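Participant: Quick one: the structure is below, and I'll ask about it shortly.
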Number of protein chains: 2
Amino acid sequence: MQHFEVTYEASVSPDAVEAFAEEVLIEQTFETPLEVVHRYPDVERAGKGEVARIRPVGEGLFQITLRLPDRNITDAAQLPNALFGNASIHPRIRLVDFEPSDGLLDKFRGPSIGLKGIRERLEVSERPLTATALKPVGISLADMEKMFVDFAESGIDIIKDDHYLSDQPGCRFEQRVRRFAHLAKEIGGKAGREIWYTPSISGTPEQMRKRLDLAVENGINCVMIAPMTVGLPTLLEAAETYPELTVLAHPSFALSAALDPAVLLGKLFRMLGADAVIFANAGGRFAYSVNECRLLAAIMTAPLGSCLPSLPVPAGGISVDSVQEVIRAFGNDCMLLVGGSLLRAKDRRAAARRFVASVEEHALLQS
Amino acid sequence: MQHFEVTYEASVSPDAVEAFAEEVLIEQTFETPLEVVHRYPDVERAGKGEVARIRPVGEGLFQITLRLPDRNITDAAQLPNALFGNASIHPRIRLVDFEPSDGLLDKFRGPSIGLKGIRERLEVSERPLTATALKPVGISLADMEKMFVDFAESGIDIIKDDHYLSDQPGCRFEQRVRRFAHLAKEIGGKAGREIWYTPSISGTPEQMRKRLDLAVENGINCVMIAPMTVGLPTLLEAAETYPELTVLAHPSFALSAALDPAVLLGKLFRMLGADAVIFANAGGRFAYSVNECRLLAAIMTAPLGSCLPSLPVPAGGISVDSVQEVIRAFGNDCMLLVGGSLLRAKDRRAAARRFVASVEEHALLQS
């Protein structure tokens, strides 16, 4: 029988922490009084977990590590359930670490192509990859097309929808996908390189399926999904059903007050099939430190069973001037997502070219 | 143009709170520098939101209320996205209130039958409803059947799966549904009353669809879904696709450190179609106060556009002895979910009968 480990950070008084840890253990295993469980010795043996460690990390703040059995995780919805289901009902507890078992890594096998596959398909062997976003939501398809062409002709690899884009009047999903898929092929063909227009796929599972089908029909290579807004099992289904589509995961609704990005973005998104994962970079609009972001990128690419590495995509407040700094932090194996700073420029085509040139200039020399 | 209001609670220094509120406003509207947005006056007008209020609620803790445009919410995944998408990437922010616009309430129309419909279909006009759970996960179908029969013959209205039950070897979903649907009809027929066996539906959207179809084929009336584990849009799709099924929402993975249950369980689950909503009751295993729980139940049943009231289902540590207290807190319009305390009893059938009798005895007299 296999076990995985989860670590929570909880605000609890020192004299109550051991009892609290035992309570959380029960919630995350049998959710039944132990005296009842004792009546079924086989069940108890097979489902038993334990409090592995309790460690003080601040005043009234403890890290509690549980060792939990794999056996409840028979489908993708049971993964969040078994890791942090009832425990997350507590208002002062946060999931901060997760060490999957070999059994879980056999079940959730990760990206279909991941970092290396994206490089191969984009035919970019060494330098960091480049990405930008079509926004703000609300602009017409005609205005968006001008933006798309500026970016595509400037040499950017991936041009993605803003995550607020869905199927708005004036900028319908179907029209957008048909038009930009065509333009990407046309402009890329002339330039002799790949350009991936990456539409955002949201909605109910049925709406998503229709949009994913439409993307495939139009020869789209890459789609963006915000797994927490659509549901973690929906990410897995999309990744498994459409192996020809590269999946770029967006952190919207990541609920970081309850879930450490290292677990959610670094491990769960990857195990459920995200080929590339966008995260809030240090020094941008969100309060993460350089080291937190480095650690997150390292987790996305570290060995994890047979899961391919995900491509780390730092984003949020990166400008053309900070390209070198970002590459120093993450190395070449990342994709820089630069949005607002290109749009802000008087000449966005020139800004996009400077962005691409700066990435080429500052790419680290391979040994 | 319509707007909704969201309120966040954020840890931020007093001298930084105004700038922070403006940043969050941008994240939740255009996610683009304002100087870029200014170039599209129509887009700016249509998508504009505002910081409505900032209120100190503790040391370095502020409530920030934003007024945001409906227009981005064109599908169910855009609901969490527009309410708390990028904002939730901040590690020290929590969603604590949500006032939907009339437009959103026209789009997300809530339960198909809700509290009153459940009463009508179960033919229970006045007293509180009763529910229990089949657990611990891991017991065989044969042991579970004994448990089911004990509860069904004792007069309990709803007998639901534990939320860890999925499609485990030894207790397959299909066998369980066929067997317990049949038993519920047989035992209910003899007793002249309705008994609802309520299977837990989890998995990927495709797995869920197969299980929901199987439930319908077997004449099941009610299913349990944990919306946060499967995704909020998946709840909506299940509720809309299977209007004949009553949906009982489970709070697993509710991530209360980031999302106040008043918003998630009280409003979002309801708007997306939950007929009944389980929540952690005060005095049980979770640290909620009686007044927090009362408020939550009040929110589930308060007027909300054309949404029918959801049935509040307090759970977690309720015993036969605390029935009166629970009914005093919530009135008759609730369903008491009692699990562990019945299973713990030496004679669980007798305990279940006492539970049912106690609810009948302590039901408040209707004026």
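Each value in this text was obtained by applying a stated rule to the coordinates, not by laboratory testing. A quick note: this is a predicted structure, and the numbers were derived from the prediction, not measured. In this analysis, Cβ positions are derived from the backbone assuming ideal geometry, glycine residues included, and neighbour counts consider all displayed protein chains.
Participant: Report Rg(Cα)/(2.2 N^0.38 Å) for chain B, keeping two decimals.
Facilitator: Details: Rg = 22.1 Å, N = 367, 2.2 N^0.38 = 20.7 Å.
In units of the globular-protein estimate, chain B measures up at 1.06.
Participant: Let me ask something else about it. Normalise the Debye intensity by I(0) for region B:268-317, one equal point scatterer per Cα, no solvent, then take log10 at q = 0.14, 0.22, 0.23, 0.31 Å⁻¹ and round to two decimals.
Facilitator: -0.34, -0.74, -0.79, -1.15
Participant: Same structure, new question: Tell me the angle of helix B:141-152 to the major Cα principal axis of chain B, expressed in degrees between 0 and 90 and rounded to the nearest ten.
Facilitator: 90 degrees
Participant: Based on the Cβ-Cβ distance of B:R294 and B:H362, what FRET efficiency does E = 1/(1 + (r/R0)^6) give at R0 = 22 Å, to the nearest 0.05?
Facilitator: Numbers: r = 17 Å, r/R0 = 0.77.
The pair B:R294/B:H362 has a calculated efficiency of 0.85.
Participant: Report for chain B the percent antiparallel among DSSP-assigned beta bridges with both residues inside it, nearest 5.
Facilitator: On the way: 23 of 48 bridges.
Antiparallel bridges: around 50 percent, rounded to the nearest 5.
Participant: Whose Cβ in chain B comes nearest the axis that rotates B onto A, and by how many Å?
Facilitator: Looking at chain B's Cβ atoms against the axis toward A, the nearest is B:G231, 1.
Participant: Next question, about the same structure. Run down the lysines and flag those whose C-alpha is under 28 Å from the C-alpha of B:K190, throwing out any fewer than 8 positions away in its chain.
Facilitator: B:K116, B:K135, B:K146, B:K160, B:K346
Participant: Here's something else I'd like to know. Can you give the convex hull volume per residue for the Cα atoms of the protein assembly as shown, as a whole number of Å³?
Facilitator: Roughly 148 Å³ of hull volume per residue.
Participant: Using only the C-alpha atoms of region B:1-110, find the volume of their convex hull and express it per residue in Å³.
Facilitator: 101 Å³
Participant: Follow-up question, since we're still on this one. Can you figure out the FRET efficiency of A:V216 with B:R53, using R₀ = 35 Å and their beta-carbon distance, to the nearest 0.05?
Facilitator: Numbers: r = 46 Å, r/R0 = 1.32.
That pair, A:V216 with B:R53, gives E of 0.15.
Participant: Which whole-number percent is the relative contact order of region B:232-367 (Cα, under 8 Å, 6+ apart)?
Facilitator: Working: 188 pairs, mean separation 25.6, N = 136.
Averaging sequence separation for qualifying contacts and normalising by length gives 19 percent for region B:232-367.
Participant: Net charge near B:E194, counting Lys/Arg +1 and Asp/Glu -1 over other residues with Cβ under 12 Å of its Cβ? Before the final figure, lay out the partial values.
Facilitator: Numbers: positive: B:R119, B:R121, B:K185, B:R193; negative: B:E120, B:E123, B:D157.
Taking every Cβ under 12 Å from that of B:E194, the sum is +1.
Participant: Also, quick follow-up: Report the dimensions of region A:185-323 along its three principal axes from the alpha-carbon atoms, largest first, rounded to Å.
Facilitator: 41, 37, 29
Participant: Continuing with this model, one more query. For a bin width of 10 Å, list the pair-distance distribution of region B:87-199 built from all Cα-Cα distances, rounded to whole %.
Facilitator: Calculated P(r), rounded to whole percents: 12, 32, 23, 20, 12, 1.
Participant: Using only DSSP helix segments of four residues or longer, with each worth -39500 (n - 2.57), what per-residue ellipticity at 222 nm results for chain B after dividing by its residue count and rounding to 500? Walk me through the numbers before you get to the answer.
Facilitator: Working: 15 runs with 142 residues, N = 367.
-11000 deg cm²/dmol, from helical runs alone.
Participant: Calculate the spin-label point distance for B:A350 paired with B:E22, positioning each point 7 Å from the Cα along the beta-carbon direction, and give it in nanometres.
Facilitator: Using points 7 Å along Cα→Cβ, the separation is 7.1 nm.
Participant: Need one number: the % of Cα-Cα pairs in region B:155-236 sitting beyond the 19 Å mark. Spell out each step's value before the answer.
Facilitator: Numbers: 1171 of 3321 pairs.
Tail fraction, whole percent: 35.
Participant: Determine ³J(HN,Hα), in whole Hz, for all residues of region A:5-17 in sequence, where each value follows from phi through the Karplus function 6.51 cos²θ - 1.76 cosθ + 1.60 and θ = phi - 60°; x replaces Gly and Pro.
Facilitator: Once rounded to whole Hz, the list reads 10, 10, 10, 10, 10, 10, 8, 7, 6, x, 6, 10, 5.
Participant: In degrees, nearest 10, range 0 to 90: what is the angle between the Cα axis of helix B:173-191 and the longest Cα principal axis of chain B?
Facilitator: Tilt relative to chain B: about 60 degrees.
Participant: I've got another one for you. Given an 8 Å cut-off on Cα distances and at least 6 residues of separation, report the relative contact order of chain B as a percent.
Facilitator: Dividing the mean separation by the residue count of chain B yields 18 percent.
Participant: Just to confirm my numbers, what's the Cα centroid distance between region B:242-273 and region B:332-347 in Å?
Facilitator: Comparing the Cα centres of region B:242-273 and region B:332-347, I get a distance of 22 Å.
Participant: Please compute, over every Cα-Cα pair in region B:225-276, the percentage with a separation greater than 15 angstrom.
Facilitator: Details: 479 of 1326 pairs.
Across region B:225-276, Cα pairs with separations above 15 Å total 36 percent.
Participant: Ok, one more. In whole Hz and in residue order, list the ³J(HN,Hα) couplings for region A:280-294 that follow from phi through the Karplus curve 6.51 cos²θ - 1.76 cosθ + 1.60, θ = phi - 60°; x for Gly and Pro.
Facilitator: Running phi through 6.51 cos²θ - 1.76 cosθ + 1.60 with θ = phi - 60° gives 6, 7, 4, x, x, 8, 10, 8, 9, 7, 4, 5, 4, 5, 4 Hz.
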